[in-house]
Amino acid sequence: MSDEIELISDGDGLAVIGQQAAVERFLESQQLESREIDTRRLSAALGTGAVVAESSAAISADYGRWVKLTKESAESVQKIGLSRSAKTGLETGVLRGPKGQIKGFVEFASSPSSALTNPALLSGAAGIMTQMAMQQAMDEITDYLAVIDAKVDDILRAQKDSALAEMIGVELMIDEAMHIRHSVGRVSEVTWSKVQGASTTIAVTQSYALKRLEAAAERLAKQRKMGDIEKAARAAETDAHEWLAVLARCFQLQDALAVLELDRVLDASADELDDHRTGLQAAREQRMSKIAATTQVLLDRITSAGTTADTKLLLHPSSAPQVVQISNRSASRVVEFRELVGVSVERSDLEERRWRQAAAETRDTVLTAGSEKVGAARQFGLDRVGSARAAAARIPTVDVRVSLRRRGSKNDDDTD
């Protein structure tokens, strides 16, 4: 008897389906971290019928894990050699080996016995993998909000905009729908009706948070005096802490809504699942693009403020180091958030200079500049002297000869 696992990759994640022992051995051999897939959800994509029921039962009896593909894990999976389907865009394959171990790759089985030959099931698998990726992102945001200790609801309550107050109610409804989905295993029409209008409120809140961050960046860009720069930098640090947290929560709720929506489409019209999944992913990319643009401008302004402060250290030995520290903290928050939502950035912290170091550097600069000026002046003088000598050398010489006349004249006779 042989073990067999089936692999499906959509580029962002890898689904590993098969007998539990075989799946776990494969993941351990590849050193891949994973989370469990509820394979019962795949049955919904198969519909009804005798053949379908047989495939559905086989899938339900199997065990599945989902792997988030990082750079390292993607390289590991690439070595296996999955084959890409031009129709679905998915990469699939089957690994077979003696019981107790899995070694070697066998091309994707095309025999009817393989459940993964069913196009509907592949479509359902792709939808579930998208959900798994979103749930992973949601869990990471939950951890992020806990670490930064930002109370999103308190931030929203402090605003006067009524649309932001509605966001708190949307949070409660979406969280409740996710709990029901987890318990029941599907999203009913009743559950969906409670949250289907939530996207508008989330979008309004996201837009408001982005505008607050844009305003913080503009204030930083306008300041020239050290005192004003420090004040704007402190305000930007607070805004970054609060409104990045709100943005993260919006992103999380939008993903949760997409998970519920995919379940609803899978249940109501499974044949539209692929198109719907693609549309949701495109909308998600668009949101990420807006967030990336705004946070990049903010990051640039924060870095610029820190750099400006560092150059003013001699004149402002107290406030300049404070601005550099604030700049580093604020920039770290922005970078952490961007990485959280999938927007990477490379940045090094500004090194905080001490006053004596700055003074020494300034002194060295002044001395170097002074030395250069003295050398230039000396060279200028030498050049002037050389020019004068050259000019004198070019003047024609007049030879005046005075002949003393002897007695050839009257005066000569008188002289004698």
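Could we say that D263 is assigned to a helix (DSSP H, G or I) and without any contact (Cβ under 8 Å) to a residue 24 or more places away in the chain here? Give the steps one after another, and end with the answer.
On the way: assigned to a helix (DSSP H, G or I): yes; without any contact (Cβ under 8 Å) to a residue 24 or more places away in the chain: no.
For D263, the condition - assigned to a helix (DSSP H, G or I) and without any contact (Cβ under 8 Å) to a residue 24 or more places away in the chain - is not met.
For the subset of the stretch 104-145 comprising residues that are over 29 Å from the mean Cα position of the chain (by Cα), more than 18 Å from D275 (Cα to Cα) and in a helix (DSSP H, G or I), which member is modelled with the highest pLDDT?
Among them, the one singled out is T117.
Restricting to the stretch 69-90, count the residues that are surrounded by 12 or more Cβ atoms within 10 Å (Cβ to Cβ) and within 25 Å of the chain's Cα centre (by Cα).
Residues in the stretch 69-90 being surrounded by 12 or more Cβ atoms within 10 Å (Cβ to Cβ) and within 25 Å of the chain's Cα centre (by Cα): 6 in total.
Considering each residue of the stretch 171-200, count those that are open to solvent by less than 20 Å² (accessible area, probe 1.4 Å) and assigned to a helix (DSSP H, G or I), and give that number. Before you say what the answer is, go through the steps one by one.
The initial filter retains those residues of the stretch 171-200 that are open to solvent by less than 20 Å² (accessible area, probe 1.4 Å), namely 171, 174, 177, 181, 187, 191, 195, 198.
With assigned to a helix (DSSP H, G or I) added as a condition, the list becomes 171, 174, 177, 181, 191, 195, 198.
So the count comes out to 7.
Quick test for you: out of R212, R224, pick the one residue that is within 24 Å of T307 (Cα to Cα) and exposed (fewer than 14 other Cβ atoms within 10 Å of the Cβ).
Values: R212 fails: exposed (fewer than 14 other Cβ atoms within 10 Å of the Cβ).
Just one listed residue meets the conditions, R224.
Taking R301 and the conditions (1) in contact with a Ser or Thr (Cβ under 7 Å, 6 or more places away or on another chain); (2) in contact (Cβ under 8 Å) with a residue 60 or more places away in the chain; (3) over 22 Å from T200 (Cβ atoms), which numbered condition does it fall short on, given that it satisfies the others?
The failed condition is (1).
Only one of (1) part of a helix (DSSP H, G or I); (2) more than 21 Å from the chain's Cα centre (by Cα); (3) farther than 22 Å from R333 by Cα is not met by K160, so which one is it?
That leaves (1) as the condition not met.
Answer with yes or no whether S289 is polar (S, T, N, Q), over 27 Å from the mean Cα position of the chain (by Cα) and either open to solvent by 60 Å² or more (accessible area, probe 1.4 Å) or farther than 20 Å from D239 by Cβ (or both). Working first, answer last.
Working: polar (S, T, N, Q): yes; over 27 Å from the mean Cα position of the chain (by Cα): no; either open to solvent by 60 Å² or more (accessible area, probe 1.4 Å) or farther than 20 Å from D239 by Cβ (or both): yes.
For S289, the condition - polar (S, T, N, Q), over 27 Å from the mean Cα position of the chain (by Cα) and either open to solvent by 60 Å² or more (accessible area, probe 1.4 Å) or farther than 20 Å from D239 by Cβ (or both) - is not met.
From R329, R301, R333, R284, which residue is among the basic types (K, R) and either open to solvent by less than 50 Å² (accessible area, probe 1.4 Å) or under 30 Å from I128 (Cα atoms) (or both)?
Details: R329 fails: either open to solvent by less than 50 Å² (accessible area, probe 1.4 Å) or under 30 Å from I128 (Cα atoms) (or both); R301 fails: either open to solvent by less than 50 Å² (accessible area, probe 1.4 Å) or under 30 Å from I128 (Cα atoms) (or both); R333 fails: either open to solvent by less than 50 Å² (accessible area, probe 1.4 Å) or under 30 Å from I128 (Cα atoms) (or both).
Of R329, R301, R333, R284, the one residue that is among the basic types (K, R) and either open to solvent by less than 50 Å² (accessible area, probe 1.4 Å) or under 30 Å from I128 (Cα atoms) (or both) is R284.
Confirm whether L273 is open to solvent by less than 20 Å² (accessible area, probe 1.4 Å), under 16 Å from S199 (Cβ atoms) and touching a residue at least 24 places away in the same chain (Cβ under 8 Å).
Details: open to solvent by less than 20 Å² (accessible area, probe 1.4 Å): yes; under 16 Å from S199 (Cβ atoms): no; touching a residue at least 24 places away in the same chain (Cβ under 8 Å): yes.
Here the answer is no, as L273 does not meet what is asked.
I'm checking my understanding of the structure. Among residues of the stretch 32-57 that are in a loop (DSSP other than H, G, I, E, B) and at pLDDT 85 or above, which one is surrounded by the fewest Cβ atoms within 10 Å (Cβ to Cβ)?
Our first condition is that a residue be in a loop (DSSP other than H, G, I, E, B); within the stretch 32-57, this holds for 32-34, 38-39, 44-49.
When the remaining residues are screened for being at pLDDT 85 or above, the result is 32-34.
On the way: L32: 19, E33: 10, S34: 21.
Per the stated criteria, the residue is E33.
The values are calculated or read from the model by the stated rules, or taken from the named source; none is laboratory data. Being a predicted model, the structure only gives us computed values, none of them experimental. Positions of Cβ are generated from backbone atoms using ideal geometry, with glycine treated the same way; all protein chains shown enter the neighbour counts. These area figures cover heavy atoms from the full protein model, side chains too; ligands, DNA and RNA do not enter into them. Shrake-Rupley method; radii C 1.70, N 1.55, O 1.52, S 1.80 Å.
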